[in-house]
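Colleague: Mind having a look at this structure? Questions to follow.
The values are calculated or read from the model by the stated rules, or taken from the named source; none is laboratory data. As the structure is a prediction and not an experimental result, all values here were calculated from the model. Glycine also receives a Cβ, built like all others from the backbone with ideal geometry; neighbour counts cover every protein chain displayed. Just the protein is used for accessible areas: all its heavy atoms, side chains included, with ligands, DNA and RNA removed. Shrake-Rupley method; radii C 1.70, N 1.55, O 1.52, S 1.80 Å.
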Amino acid sequence: MNENKEKVYMLSLGSALDPYVEHFCNEYKMLLKEIGYEVEHIFYQNIDSVNRATFVGKGKLAAIRDYFHDNKENGVKKLACAFEITAVQKKNMESITGLTVFDRTQVILDIFDNNAKTREAKLQVEIAKLNYSKAHLINEKANYSQVTSGGGHNKGEGETELELKRRRIAAAIYQKKKELEEIKFSRSNSRNARRDSIIPKISIVGYTNAGKSTLMNKLLNASKAQEKKTVLQKDALFATLETSTRLISIHEYPEFILTDTVGFISELPHYLIDAFRSTLEEITEADLLIQVVDSHSPFLNDEVRTTNEVLASLGCDTKKMIYLYNKYDLLKSGGFTTLPKKNERYVSLQNDDDIETIVSFISASMSVDWKEYNLMLPYSIDINGFKKENYCFRIEEKENGHCVVAKLNPKTEYKYKDYLM
C-alpha cells in the first residue's frame, strides 16, 4: 500500500478524556489507515440525542468548517465520522463544513472490499455494499436542511428516479444472492460431509487481529496431515475474510477439523453480518469454539463481549467455548493477577513451546464429555488409528495386546465395545 496517506479529519462522539472513546478512536484510526488515510485532527462531540438533519449539532459542524478554513495548508478535504450517518445527514454535513464526509461503515466496507480474494467473499462484500447504498439513497433535488420527525414532505420531483435506482439495486442484490446461494450449496454439501464424519469440528473465533490465523498456521505446522496449506497471516484488521478449514493431525492427540473465521469488531455493520452469515454458519456446526483474545489490549473485556454478542446473534451463545489469551508475553509486570479459569489459557502464539500446551488444552476440552474406559486392544487393531480417533492417556504393551486408558469418541465407541476391561 502507498505510504503517502491522505490526511483527513475525524469526528467522534464522546469526550477526549474518556478511555473507551480514546480506544474507539484509535481503532478507527487503524481502520482508516487500512484504506490509505491518516488522521490530522479529531473533533469530539457529546450529544444527548441524534439530530435527524446533521447527526451532531450544527454548532459543532460550524466549528469544523471554521477550523477547515483556518488550516487549509493541511490539505485536508475529508471528514471521517466514527459512526454511521444517513444520506441526508451526510449531505447536510457536507453543505455546512465544505468537506467530503464519509462514515465508519463505508470504511469497513472498503476494507472488506480490498481484502476479498475468493468469489464468495467478493459476492458477500458486493451484497453488503449494495444494501448500504440502497439504504442511503436520497432525492438529490430535495432540500433536507430542515428535516424533522414525520415524513412525506420530500416526496415529489425526483421520486420516480429514486424508485428506479432502488429497483436496480434490488435486482443486482437478487442476482448476486443467487450466485452466492450456489456457492453456499456447495459449502453446505461439504459441511454435511463433515457433519457425518467422526472427526470433531472446531472453529476459531475472536476479535479482528487477535491472532486467529496465527493459531491456525501454528497448528498446521505441527500437524502430520497431508493438507497443510497455511492461511493468510498479517498484522492488519480483517486480513482474513475467507473461511479456511483444515484437518489437524498431531501425534499422540485425536484429530480434529479446524476452521478459521472472519474477525469481529465493535459495532460491525449489520450489512456485513447479514452478507457473511453463510460463511459464519461454519461456526454453528462446531463441536467446540476457540476464542482467541488479545490479552495485550487494554479493552480485551469489551472485545470478548463484542465477539460473544456476534456469536449470540448467530445462535451460538450456548456452544462449548475455550479462551486463548494470546500475546501474554507482551504484558508488563508478569501479566494477569489471577490464574486462568478452567476454560482459559494464557499463551503466546509466537512461542512454539506453548503449542504443545494449546494442543493438549484443545484435546482435553473437546473430549470433556467423552467417557473414559480401560481397554485391551489386540495387536491386530492399528493403535495409531485408534489414537487419531480417541484421546489416550496411557498405553502399555502387554503379551496379548495394548492395555489402554482412553476417552472414547462417542462416534467410535461401538468399534471397541468388545475390548472393554
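Residues checked against (1) out of contact with any strand residue (DSSP E or B) (no Cβ under 7 Å at 6 or more places or on another chain); (2) among the aliphatic types (A, V, I, L, M); (3) in contact (Cβ under 8 Å) with a residue 40 or more places away in the chain:
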site	(1), (2), (3)
Tyr373	no, no, yes
Cys392	no, no, yes
Val404	no, yes, no
Thr412	yes, no, yes
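Colleague: The conditions are (1) surrounded by 14 or more Cβ atoms within 10 Å (Cβ to Cβ); (2) in a helix (DSSP H, G or I), and Phe43 fails exactly one of them. Which is it?
Modeller: (2)
Colleague: Can you confirm whether Gly156 is at pLDDT below 75 and either open to solvent by 50 Å² or more (accessible area, probe 1.4 Å) or under 24 Å from Phe24 (Cβ atoms) (or both)?
Modeller: So Gly156 fails the test.
Colleague: Which ones in the range 281-312 are among the polar types (S, T, N, Q), surrounded by 15 or more Cβ atoms within 10 Å (Cβ to Cβ) and over 30 Å from Glu255 (Cβ atoms)?
Modeller: Ser297, Thr306
Colleague: Of the numbered conditions (1) open to solvent by less than 20 Å² (accessible area, probe 1.4 Å); (2) at pLDDT 90 or above, Ile199 satisfies every one except a single condition; which is it?
Modeller: Here Ile199 meets the rest and fails (1).
Colleague: Within the range 51-82, take every residue that is in contact (Cβ under 8 Å) with a residue 60 or more places away in the chain and within 12 Å of Met93 (Cβ to Cβ) and give me the one that is most open to solvent (accessible area, probe 1.4 Å).
Modeller: It comes out as Lys78.
Colleague: Just to be sure before I move on: is Ala312 part of a helix (DSSP H, G or I) and in contact (Cβ under 8 Å) with a residue 12 or more places away in the chain in the structure I sent?
Modeller: In short, no.
Colleague: Here are some conditions: (1) open to solvent by 60 Å² or more (accessible area, probe 1.4 Å); (2) in a strand (DSSP E or B). Leu324 meets all but one. Which one does it not meet?
Modeller: Among (1) open to solvent by 60 Å² or more (accessible area, probe 1.4 Å); (2) in a strand (DSSP E or B), Leu324 violates only (1).
Colleague: Can Lys387 be described as open to solvent by 20 Å² or more (accessible area, probe 1.4 Å) and not in a helix (DSSP H, G or I)?
Modeller: Answer is no for this residue.
Colleague: Within the range 230-241, is there a residue that is under 20 Å from Asn390 (Cα atoms) and modelled with pLDDT under 90?
Modeller: Looking only at the range 230-241, we keep the residues that are under 20 Å from Asn390 (Cα atoms), and these are none.
No: the range 230-241 contains no residue that is under 20 Å from Asn390 (Cα atoms) and modelled with pLDDT under 90.
Colleague: Is it fair to say Leu17 is within 22 Å of His270 (Cβ to Cβ), among the aliphatic types (A, V, I, L, M) and either open to solvent by less than 50 Å² (accessible area, probe 1.4 Å) or not in a helix (DSSP H, G or I) (or both)?
Modeller: In short, no.
Colleague: Consider Ala121 carefully, then state whether it is at negative phi, buried (at least 20 other Cβ atoms within 10 Å of the Cβ), out of contact with any Gly (no Cβ under 6 Å at 6 or more places or on another chain) and assigned to a helix (DSSP H, G or I). Quick ask: steps written out before the conclusion?
Modeller: Details: at negative phi: yes; buried (at least 20 other Cβ atoms within 10 Å of the Cβ): yes; out of contact with any Gly (no Cβ under 6 Å at 6 or more places or on another chain): yes; assigned to a helix (DSSP H, G or I): yes.
In short, yes.
Colleague: So, Leu79, is that one assigned to a helix (DSSP H, G or I) and among the aliphatic types (A, V, I, L, M) or not?
Modeller: In short, no.
Colleague: From the list Thr97, Thr105, Thr86, exactly one residue is more than 18 Å from Lys29 (Cβ to Cβ) and open to solvent by less than 60 Å² (accessible area, probe 1.4 Å). Which is it? I'd like the intermediate steps shown before the answer.
Modeller: Numbers: Thr105 fails: more than 18 Å from Lys29 (Cβ to Cβ); Thr86 fails: open to solvent by less than 60 Å² (accessible area, probe 1.4 Å).
That would be Thr97, the only listed residue that is more than 18 Å from Lys29 (Cβ to Cβ) and open to solvent by less than 60 Å² (accessible area, probe 1.4 Å).
Colleague: To continue, here is another question. Could you identify the single residue in Asp317, Asp418 that is under 18 Å from Ala286 (Cβ atoms) and either among the basic types (Lys, Arg) or open to solvent by 20 Å² or more (accessible area, probe 1.4 Å) (or both)?
Modeller: Selected residue: Asp317, the only one of Asp317, Asp418 that is under 18 Å from Ala286 (Cβ atoms) and either among the basic types (Lys, Arg) or open to solvent by 20 Å² or more (accessible area, probe 1.4 Å) (or both).
Colleague: Ile395 passes all but one of (1) under 30 Å from Phe24 (Cβ atoms); (2) part of a strand (DSSP E or B); which number fails?
Modeller: Ile395 satisfies every listed condition except (1).
Colleague: Then there's this: Search the range 202-229 for residues being touching a Gly at 6+ places or on another chain (Cβ under 8 Å) and hydroxyl-bearing (Ser, Thr, Tyr), and hand back the single one that is modelled with the lowest pLDDT.
Modeller: Thr208
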